[in-house]
Amino acid sequence: MTVARSVAEVLDEHVTLEVECIDRMYLNLYQPKLVYPGGVVGFFKCHRGMPFVSSALMDPISKGFVAAIHRFIGDEHVDLVHFAKGQRKDDVAHQYLAGHDGSEGILFVGRGQEKSTVFRTEKRVNRDTGTAYPWIVTATAMVNHFYFYGVDDDFGPFFIKFGTYFPYGAKVCINGHHWAQRQAANAGVEFEALDNAFAACTDTRRLQRICDRLGPAHIEAFVRKWLRRLPHPFTLADRRAGYRYDISILQAEFSLTQVIDRPLTGRVFFEAVIRDNLDAGRPDQVSLTFARRVTRRTPGRFRTRILTDGVIPSIHVDYKHSRIKQYFKEGVALRTETTIDDTRDFGIGRRLPNLPALRAVGFPANRRLLEVQRISCDPIAGADTYHRVCQPVTIDGQRVPALRFDAPATQALLAALVVCRLLPTGFANRDLRGLLAPLLNVHPSTITQGRMSYHLRRLRLHGLIERIPHTHRYLVTDFGLTAAIFLTRAHARFIGAGLADLVGPDPPPPLRRAAINLDNELDRLARRSGLAA
């Protein structure tokens, strides 16, 4: 077996299994009617019929809830673990899971203090009468939280934690791979499992269909099932009156696992990627990966980090509150996973029904990162690219001016195309203008409409972009993306940095030798062609 020499070869010839699956999800359980002070007033005055509203009314509910938790611990004969400050809760859970038979139930209950949003009573005075009255305000406080760590027949290991102060917010943590593993086992699909992935499978297509099925309905059913089984802070009458937990997404991980035939091949991939993609966190590359427009006003971080754990590297590309992590999992698989910490970074709501829309962001982001890495490390034939882009062409009798390789406008246009690639609805004239202006260090208003039409015509007739039918929007073609990455990188690395080194006062010896060899080779070719003086 030969060793792979490029990223493209690794991905095309050395992947034995490829699976996309939702990985870890961290969900928020909240009472929609109790997220603001007015809703709290309505709960006590309108629903429970109290003559006044004060935090004193919350205390009996809290004490009753805590007492119910302790009764549950006793009835179920499970341990109560007091988490120490800085202790990893997952480590405790793994110890309990190691000795568990996999049957459904609660493993243990943990308790720890965490900061939470709460409601307090504030004394206010009526300016007209001077009468004091209580007022409900939002505050934060250190509150006891109870973690219920368990195993579910469908979802495997999970935890649900409840705050013990009104309005008793809760969090849920599940893993989509554990769900898929259990569904595959129930369906008779043979597979070999990794920690939270698949190492091998006899029916890949069927396994992928199982992973694709996980959706809001499955998660909703899981949450409602355990809310019925665990102690609940709100009475049945409260819930029938509409005080039910809703579910939103705090964090979601969308993973692509590609099992490599042997570890050395995976190392080849990372060596090539790290060498050629340290710029993957620049705004242009981040835009390409996440299919979002990034400008100078876009808040957040845009960076690439290369981290090492022992001798295994990992790559992290950050975008606002989201990130892509890529690493070699357990020496077996290339793992690319997009983690979305704030759905609004992509104009998507946080409620659970928006999960399909998040899938449409997360999974393609993984593919786009691999696409950028493939093209960056494996450029196409340079001569053909250069001719098609940088020389004049004639299309249907129309002479189309060249996109001169060394012209600042050409390099700016090509860089802008990388940003425009795979935007959800393509790009328009004004989008390209907004990207082009800062690259040329000019104000957008100085680029006339006629100049933009001229640029768009050249890009279209050179095959770099194509118009979306019946619109004034455009898409970057596959050739356009490849050419843009190849030519901008070639210009930055060889024309800019290379010439600066060559004409410097003290060129590096290897570069000096390369320049002499190139000059000698050109002389030899000239003599063979009869062009020598």
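The values are calculated or read from the model by the stated rules, or taken from the named source; none is laboratory data. Just so it is clear, the structure is predicted and the values come from calculations on it, not from any experiment. So basically every Cβ, Gly included, is an ideal-geometry build from the backbone, and we count neighbours across all protein chains shown. Areas reflect the complete protein model, heavy atoms only, side chains present, ligands, DNA and RNA absent. Shrake-Rupley method; radii C 1.70, N 1.55, O 1.52, S 1.80 Å.
FRET efficiency for the Asp478 to Asp246 pair, using the beta carbon distance and R₀ = 41 Å, is estimated at 0.45. Taking θ as phi - 60° and the Karplus parameters 6.51, -1.76 and 1.60, the scalar couplings of the range 79-93 work out to 7, 9, 9, 8, 6, 7, 4, x, 6, 7, 5, 4, 5, 5, 4 Hz in sequence order, x denoting glycine and proline. Between Asn144 and Leu236, full extension at 0.36 nm per residue minus the direct alpha carbon distance yields a gain of 30.7 nm.
Full extension of the chain between Leu97 and Met452 yields a length gain of 121.6 nm, computed as 0.36 nm times the residue separation minus the alpha carbon distance. With a simple spin-label model that places each label point 7 Å from the Cα along the Cα-to-Cβ direction, the separation between Asp396 and Asp128 comes to 7.6 nm. Heavy-atom accessible surface of Cys46, to the nearest 10 Å², is about 120 Å², with a 1.4 Å probe and all protein chains retained.
With a ≥ b ≥ c the root eigenvalues of the C-alpha gyration tensor of the range 69-180, is it rounded (a/c under 1.5), prolate (a/b larger than b/c) or oblate? Taking the square roots of the gyration eigenvalues as a ≥ b ≥ c, the range 69-180 is prolate.
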